[in-house]
Amino acid sequence: MSALQLLLAYPSLSFVLLCAVAIVGGAFIVDEVSKQSDDWFWDNDPNEGRCEETEGNEANFLREPANAVSNTVFITVGIYAFMASIYDLRHFRKRSMPLLPKSEDENGGMVHHPLVSLAFGFSLFFGGYGSFYYHACSGCSEGGQLDIWSIFVMCIAVAFLLVIWSYGQLVLSGRPSWGKNLWSVVIVATWGGLCWYCKDWRDPPLWQGSWEAMYRAMLIFLGGTAAAASILLFILIVLGVKTQALVFVPGAIATVVMGIGAWFPEEFNEDCIDIFGGEFGEGRESFFQLHALWHSMLALCMLSLYMFVRGLAVEKATLDKCVGKDALSVRDFHLLREVRKEDGHGWAERGNSSSSNGSDIRDGVGSGLELGGVDLDENML
């Protein structure tokens, strides 16, 4: 497959990757330019080895280059969710996509609620920006404010836009679509309100300016979210939901375990750790910082959770129903692959004659049909 064919088949994913490359490249270009000036790019004095050693980078744009650039993973996941919301709005907004395999319920599943994906994408984008700002300036007041606020925004997003929203979809399964639409609006509005409440995170009465109380509240919140997500997964298994999206669950667990494993040593020692460099606080000798690994693993965990929830209602049979039999694989759905509009209509008007329903879960796709100008082989799933 040529580069042009890949671009035509996966324009949305190509755009996501292009944005990631542009952000990283742009950051390093600005950093190189800042080195040519005798003036400091930032006004504050940098932290001394709290998350990454800054010695020699005091006047640079990227005072903590590894930790700053690693936030590109958050931003990239956010852009992916943005593009997924557009993809779903274009292709699935009018089609039946059951949340449960045996349900003929319309408007179930995140593909019918691009507003939720859009809000989640904003959360991850903002989270990456806030953390990037903080580590680029290495401890400036504005960066610290944005960093903590963005952490709250991402935590609230996972809890409300993924976990609690999914519970509502389960409860409303089989009900009219307006109820699910209203639920999505309520959840997104609640997410927005809570994010705004945490804007001045030093002052809310819940922790009354106490860092320790805020820390405990966040840990309790995250623990409750993890428990609720585990219960949701158990419910889905008990209900016998046949979903290939379960493949993302081990990925989410593995990445969050690796992330915590990278975060805890630094938090315990209150000092930066270079994976392949010197001892604690002895200077940055490599680009592999534990704190940067923590950023990357946490972002990949959130991506896995998002792909699980977005793919929960999407199986091969329901894709057949939406786009025409054997037109799209589940894998290609997650990669945001485009389907050629053979009759001049969008997905929402095609495949209406298909006899597939949500209980007909099949693997593999046929051959001879084209996606983005590329012939499909069999067994693409």
Roughly how many whole Å is it from the C-alpha centroid of region 134-200 to that of region 26-46?
-> 33
How many nm is it between the label spots at Ser37 and Ile235, if each spot is 7 Å from the Cα in line with the beta carbon?
-> 5.3
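Using r as the Cβ-Cβ distance of Phe288 and Val21, and R0 as 25 Å, what FRET efficiency do you calculate, to the nearest 0.05? Working shown, then result.
Working: r = 20 Å, r/R0 = 0.81.
So, using R0 = 25 Å, E works out to roughly 0.80.
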Would you mind giving the average projected area, over all directions, of the Cα convex hull of region 1-53 in nm² with one decimal?
-> 6.2
Work out the FRET efficiency for Lys199 and Leu335 from their Cβ-Cβ distance, taking R0 = 41 Å, and round it to the nearest 0.05.
-> 0.70
SASA check, Glu266, accessible area w/ 1.4 Å probe, all protein chains in place, rounded to nearest 10 Å², comes out at 10
Net lengthening on full extension, Trp178/Ala228 (0.36 nm per residue, minus Cα-Cα) | 15.5 nm
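Relative to the present Cα-Cα distance, how much length would full extension add between Ser14 and Glu142 at 0.36 nm per residue of separation?
Details: separation 128, 0.36 × 128 = 46.08 nm, distance 3.28 nm.
Value of the extension gain: 42.8 nm.
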Check Gln289: other-chain or 5+ apart residues with amide H under 5 Å from its amide H, H built from backbone geometry?
-> Ile275
Any idea how far the Cα center of region 216-258 sits from the one of region 79-93, in Å?
-> 23
In whole percent, how big is the carbon plus sulfur part of the accessible area of region 106-230, probe 1.4 Å, protein atoms only?
-> 70
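The values are calculated or read from the model by the stated rules, or taken from the named source; none is laboratory data. As the structure is a computational prediction, the values presented were derived from the model and not from experiment. We place every Cβ from the backbone using ideal geometry, glycine too, and count neighbours over all the protein chains shown. Keep in mind that these areas ignore ligands, DNA and RNA; they rest on the heavy atoms of the full protein, side chains included. Shrake-Rupley method; radii C 1.70, N 1.55, O 1.52, S 1.80 Å.
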